[in-house]
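Notes to accompany the following structure.
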Amino acid sequence: MNRPPVVSAAEWQAARDTLLVKEKELTHALDALAAERRRLPMVRLDDDYPFTAPDGGDASLTDLFDGRRQLVIYHFMLSPGHDEVCGGCASFTDNLADQSHLNARDTTLILMSPAPRNEIDVVRRRFGWTVPWYSAHGNDFYADLGLGGGFGLSVLLRDGDEVFRTYFTTARGVDRLRMDFNLLDLTPYGRQEEWEDSPPGWPQDPTMAWIRLRDEY
């Protein structure tokens with residue numbers, strides 16, 4: 001195996017301290033980016049889109065907030081009539097933890113898909129997920145926000161009865177919310193994907209090729 005040098009504990013600590021300086025620089029840069037993100041302009045959403053709630057009832061746009069002021073939506077890739085479950089979306093949802101601390105900061109997290117309620121429920125029951133999962137089937141929410149059918153993360157703000165779109169990200173922008181990816185990034189092998197800069201000969205697969213639905217590993 002081609003690996004980094006094996007050194008004394010003192011040499012390792014010196015190298016670790018050098019890396020720590022760069023990690024702290026990145027942390028400060030992320031803090032500055034978050035401050036800029038909090039100052040992004042907003043778009044008012046004037047249409048009170050009809051959604052289908054997890055219990056099968058009707059839900060308005062403001063209902064999605066569950067009484068809170070901030071809403072984070074993970075757009076789970078599940079289109080009407082397609083029963084194939086997205087492995088990436090499923091593994092993301094597997095990483096979602098208890099929301100008590102998020103709720104304590106006046107924030108709600110939900111899943112959303114354009115598929116109808118009955119098709120969502122098949123997937124939800126299979127994996128036992130309890131995160132509220134709403135259906136946007138039959139409304140113009142995805143079209144109006146230019147979401148397409150892909151995955152992504154939307155952030156909305158509610159001020160009374162007014163709702164604003166404040167942020168959206170997709171692709172690698174969603175990675176930092178995943179515990180599995182972030183823990184793997186701390187390990188010697190990393191995510192073991194071919195895009196990573198790793199020592200020659202270390203295990204690497206095509207990007208996301210290793211991901212399986214958790215009951216298929």
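The values are calculated or read from the model by the stated rules, or taken from the named source; none is laboratory data. Quick caveat, the model's predicted, so the values are computed rather than measured. Reconstructed Cβ throughout: ideal geometry from the backbone, glycine too, with neighbour counts over all protein chains shown.
Residue count for the stretch 137-167 satisfying the condition of being in contact with a His (Cβ under 9 Å, 6 or more places away or on another chain) and of a type in the set (A, V, I, L, M, F, W, C): 3. Just one of the listed residues (Thr207, Thr187, Thr169) is out of contact with any helix residue (DSSP H, G or I) (no Cβ under 9 Å at 6 or more places or on another chain), under 30 Å from Phe65 (Cα atoms) and β-branched (Val, Ile, Thr), namely Thr169. If you check Asp106 against the conditions, is it out of contact with any Pro (no Cβ under 8 Å at 6 or more places or on another chain), in contact (Cβ under 8 Å) with a residue 24 or more places away in the chain and among the acidic types (Asp, Glu)? So Asp106 passes the test. Here the stretch 116-147 is the region considered, the condition is being without any contact (Cβ under 8 Å) to a residue 24 or more places away in the chain, of a type outside the set (A, V, I, L, M) and loosely packed, with under 14 Cβ neighbours inside 10 Å, and the residue that is nearest to Thr52 (Cα to Cα) is Asn118. Give Trp202, Trp195 a once-over and let me know the one that is at pLDDT 95 or above and assigned to a loop (DSSP other than H, G, I, E, B). Step by step, each of Trp202, Trp195 is checked, and only Trp195 is at pLDDT 95 or above and assigned to a loop (DSSP other than H, G, I, E, B). Within the stretch 47-54, identify whether any single residue is β-branched (Val, Ile, Thr), over 23 Å from Arg176 (Cβ atoms) and assigned by TED's automatic domain parsing to the domain that holds Leu109, and answer yes or no. Scanning the stretch 47-54, I find at least one residue that is β-branched (Val, Ile, Thr), over 23 Å from Arg176 (Cβ atoms) and assigned by TED's automatic domain parsing to the domain that holds Leu109, so the answer is yes. Leu109 passes all but one of (1) assigned to a helix (DSSP H, G or I); (2) under 23 Å from Asp144 (Cα atoms); (3) of a type outside the set (Gly, Ala, Ser); (4) within 13 Å of the chain's Cα centre (by Cα); which number fails? Against the list (1) assigned to a helix (DSSP H, G or I); (2) under 23 Å from Asp144 (Cα atoms); (3) of a type outside the set (Gly, Ala, Ser); (4) within 13 Å of the chain's Cα centre (by Cα), Leu109 comes up short only on (1). Note on the stretch 148-159: residues that are touching a Phe, Trp or Tyr at 6+ places or on another chain (Cβ under 8 Å), in contact (Cβ under 8 Å) with a residue 60 or more places away in the chain and not in a strand (DSSP E or B) amount to 2.
Looking at this structure, is Gly152 exposed (fewer than 15 other Cβ atoms within 10 Å of the Cβ) and not hydroxyl-bearing (Ser, Thr, Tyr)? Answer is no for this residue. The set of residues in the stretch 160-192 being more than 20 Å from the chain's Cα centre (by Cα) and part of a strand (DSSP E or B) consists of Glu162, Val163. With respect to (1) modelled with pLDDT under 95; (2) touching an Asp or Glu at 6+ places or on another chain (Cβ under 8 Å), the lone exception for Thr108 is condition (1). Close Cβ contacts (under 6 Å, 6 or more residues apart or on different chains) running from residues in the stretch 75-93 that are β-branched (Val, Ile, Thr) to residues that are in a helix (DSSP H, G or I) and buried (at least 20 other Cβ atoms within 10 Å of the Cβ) comprise Val85/Val123.
Which of the residues spanning the stretch 1-54 are in contact (Cβ under 8 Å) with a residue 60 or more places away in the chain and either farther than 30 Å from Tyr134 by Cβ or aromatic (Phe, Trp, Tyr) (or both)? Result: Met1, Asn2, Arg3, Pro4, Tyr49, Phe51.
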